[in-house]
Amino acid sequence: MGVRIYLDRPGPDGRAPLRLALLRARRQCWLSLPVRVRPADWNRRRQRLRPSAPAAAEINARLEAIVARAEALLLTGQSLEAVRDRLKADLGLVPQEHRLLPLFDEWLAVKRLVLKPSSLQVLARVRKYLEAFAEDLTIERVDRAFLERFQAFLTTERGQSAATANRLAKYVRTFFLWLEERGLLEKAPKPLPLPEAKREIIFLTPEELRAFQEVDLSGLPEGYERARTIFLLACFTGLRASDLKAGMRPEAWDTIDMEAGVWHLREQKTGIFRRVPLVEPARRILRRRLEAGAPTPVPKLSEQKVNIYVKEIAERAGIVAPVRLGDGREVPKCQVLSLHAGRRTFVSLVAHTSGTAPLVGLTHADLDTLQKYLGAWDESRRRALEKAFRGL
């Protein structure tokens with residue numbers, strides 16, 4: 001049993017750190033000391049600085065105190081690791097605990113400078129879930145399985161789908177990579193992708209869209225007609241709910257060139273300026289509202305109300321074709337319609353009749369993202385296949 005001090009390998013500045021060795025029963029445990037000396041100033045036999053070295057008296061006195069403390073702890077019978085940890089605490093070498101959420105807030109503050117508002121909203125959701133999952137956790141306790149446990153929490157405790165859990169876990173990993181770059185995390189853990197259930201893309205066929213337009217809504221509150229108008233504008237323009245909401249302001253009329261058939265808008269999600277072509281059904285709706293003196297191009301109604309009313313309107317219009325959900329269940333299409341299905345209707349009908357070229361750069365930046373919005377239209381496929389075998 002004993003305590004020894006050794007020189008470590010010199011660094012670029014020519015000085016070497018000191019290491020304390022705790023010895024007992026042929027076992028040893030090491031502790032790096034916060035002292036760096038020049039090898040020529042070190043007396044290996046006496047394990048002290050030579051008297052000619054700068055601040056030799058003060059440093060040697062400190063080393064003697066550390067050795068005495070280590071020897072006293074060894075006599076208590078504690079394990080070498082426990083003795084090392086006690087010494088680290090005495091010397092102030094215990095790493096400062098870094099709480100996960102304050103660091104996430106710091107990362108979020110940096111991201112606010114470069115991310116779009118929609119992405120920041122997603123990160124705010126991520127923080128909410130992290131707080132529920134690991135409120136007081138320190139990054140020292142983040143292990144390789146952290147993201148897997150987080151995904152399990154999202155799916156079992158919060159009822160999120162596997163696709164949502166996978167997406168949120170990727171955001172957290174981006175945060176962990178930022179911690180790794182700063183030296184606060186040794187290795188950012190990776191999520192284990194959960195198998196994602198596939199569901200049909202919900203959109204309306206031309207026949208269903210016509211039925212939705214023509215169904216009689218007399219006797220229903222005014223909100224139903226507003227919801228139908230908003231949904232039809234989504235179907236005929238491909239605009240997101242956030243952009244339609246921007247059209248609920250009076251100044252939005254100034255962005256619409258009815259004669260040229262173009263809606264000049266800045267996308268709320270991306271911040272990109274777009275020239276959205278207005279097909280005749282969309283122009284007809286807007287022209288009718290303008291002539292009627294409507295204060296806004298898009299009727300004012302919350303997205304939540306639109307989603308509720310659209311389902312009821314679709315049911316009244318007989319839009320009840322079965323669609324398959326991710327869990328394998330089949331339900332009538334009217335039960336799963338939402339305002340976002342209007343954008344998918346625009347994408348699907350244009351792509352099936354005119355190809356994807358008109359959509360790239362208009363509704364989506366690339367084909368990969370566009371494909372996620374493109375629904376399968378059996379009648380369109382059948383006509384395309386029949387064309388290939390025509391005359392046989």
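The values are calculated or read from the model by the stated rules, or taken from the named source; none is laboratory data. Worth saying up front: this structure is predicted, and the values here are computed from it rather than measured. As a convention, Cβ positions derive from the backbone with ideal geometry for all residues, glycine included, and neighbour counts pool all protein chains shown. Side chains are part of the model used for accessible areas, which takes the heavy atoms of the whole protein and leaves out ligands, DNA and RNA. Shrake-Rupley method; radii C 1.70, N 1.55, O 1.52, S 1.80 Å.
Restricting to region 264-284, and then to whatever is modelled with pLDDT of 90 or more and not aliphatic (A, V, I, L, M), can you tell me which residue is nearest to the chain's Cα centre (by Cα)?
H264
State all residues of region 221-236 that are free of Cβ contacts under 8 Å to residues at least 12 places away in the same chain and either more than 14 Å from S302 (Cα to Cα) or not in a helix (DSSP H, G or I) (or both); if no residue qualifies, say none.
If the condition is that a residue be free of Cβ contacts under 8 Å to residues at least 12 places away in the same chain and either more than 14 Å from S302 (Cα to Cα) or not in a helix (DSSP H, G or I) (or both), then P221 is the only one that fits.
Do we find that A188 is under 17 Å from V310 (Cβ atoms) and among the small types (G, A, S) in this structure?
no
Pick from V122, V126, V110: which is closer than 30 Å to L232 by Cα and modelled with pLDDT of 85 or more?
Sole residue among the options that is closer than 30 Å to L232 by Cα and modelled with pLDDT of 85 or more: V122.
Residue check: is I285 part of a loop (DSSP other than H, G, I, E, B) and in contact with a Leu (Cβ under 7 Å, 6 or more places away or on another chain)?
No: the conditions fail for I285.
Looking at (1) assigned to a loop (DSSP other than H, G, I, E, B); (2) open to solvent by less than 20 Å² (accessible area, probe 1.4 Å); (3) without any contact (Cβ under 8 Å) to a residue 60 or more places away in the chain, can you tell me which one L239 breaks?
(3)
Check G247 against each of (1) buried (at least 20 other Cβ atoms within 10 Å of the Cβ); (2) more than 16 Å from R344 (Cβ to Cβ); (3) within 24 Å of the chain's Cα centre (by Cα) and name the one condition it does not meet.
Unmet condition: (3).
Kindly list the number of the only condition in (1) in contact with a Pro (Cβ under 7 Å, 6 or more places away or on another chain); (2) at pLDDT 90 or above that fails for R144.
Condition not satisfied by R144: (2).
Only one of A40, A61, A53, A72 is over 48 Å from the mean Cα position of the chain (by Cα), part of a loop (DSSP other than H, G, I, E, B) and on the phi < 0 side of the Ramachandran plot; which?
That would be A53, the only listed residue that is over 48 Å from the mean Cα position of the chain (by Cα), part of a loop (DSSP other than H, G, I, E, B) and on the phi < 0 side of the Ramachandran plot.
Output the number of residues of region 24-37 satisfying the condition of being open to solvent by 50 Å² or more (accessible area, probe 1.4 Å) and either under 48 Å from the mean Cα position of the chain (by Cα) or within 15 Å of V3 (Cβ to Cβ) (or both).
Of the residues in that region, 8 qualify.
For region 172-214, which residues satisfy the criterion of being buried (at least 17 other Cβ atoms within 10 Å of the Cβ), small (G, A, S) and part of a loop (DSSP other than H, G, I, E, B)?
Selection gives A188 alone.
Read through the list (1) under 28 Å from C334 (Cβ atoms); (2) modelled with pLDDT under 90; (3) among the hydroxyl-bearing types (S, T, Y), then give the number of the only condition that T296 fails.
Going through (1) under 28 Å from C334 (Cβ atoms); (2) modelled with pLDDT under 90; (3) among the hydroxyl-bearing types (S, T, Y) one by one, T296 breaks only (2).
Can you find, within region 75-121, the residue that is nearest to R240 (Cα to Cα) among those that are under 22 Å from the mean Cα position of the chain (by Cα) and of a type in the set (D, E, K, R)?
Among them, the one singled out is K116.
Please list, ordered by first then second residue, the pairs with beta carbon atoms under 6 Å, 6 or more apart or interchain, first in region 1-16 and closer than 30 Å to G77 by Cα and part of a loop (DSSP other than H, G, I, E, B), second open to solvent by less than 40 Å² (accessible area, probe 1.4 Å) and of a type outside the set (V, I, T).
M1/L74; D8/A16; D8/P17
Of all the residues that make up region 75-88, how many are open to solvent by 50 Å² or more (accessible area, probe 1.4 Å) and assigned to a helix (DSSP H, G or I)?
The number of residues fulfilling the criteria is 5.
Go through region 315-337 and count every residue that is surrounded by 21 or more Cβ atoms within 10 Å (Cβ to Cβ) and of a type outside the set (D, E, K, R).
Residues flagged as surrounded by 21 or more Cβ atoms within 10 Å (Cβ to Cβ) and of a type outside the set (D, E, K, R) within region 315-337 amount to 4.
Residues checked against (1) within 19 Å of R288 (Cβ to Cβ); (2) of a type outside the set (F, W, Y); (3) touching a helix residue (DSSP H, G or I) at 6+ places or on another chain (Cβ under 6 Å):
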residue	(1), (2), (3)
F176	no, no, no
E196	no, yes, yes
F203	no, no, yes
E207	no, yes, no
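Any residue at all in region 292-314 that's touching a residue at least 24 places away in the same chain (Cβ under 8 Å), open to solvent by 30 Å² or more (accessible area, probe 1.4 Å), over 30 Å from W253 (Cα atoms) and not hydrophobic (A, V, I, L, M, F, W, C)?
The answer is no, given that none of the residues of region 292-314 is touching a residue at least 24 places away in the same chain (Cβ under 8 Å), open to solvent by 30 Å² or more (accessible area, probe 1.4 Å), over 30 Å from W253 (Cα atoms) and not hydrophobic (A, V, I, L, M, F, W, C).
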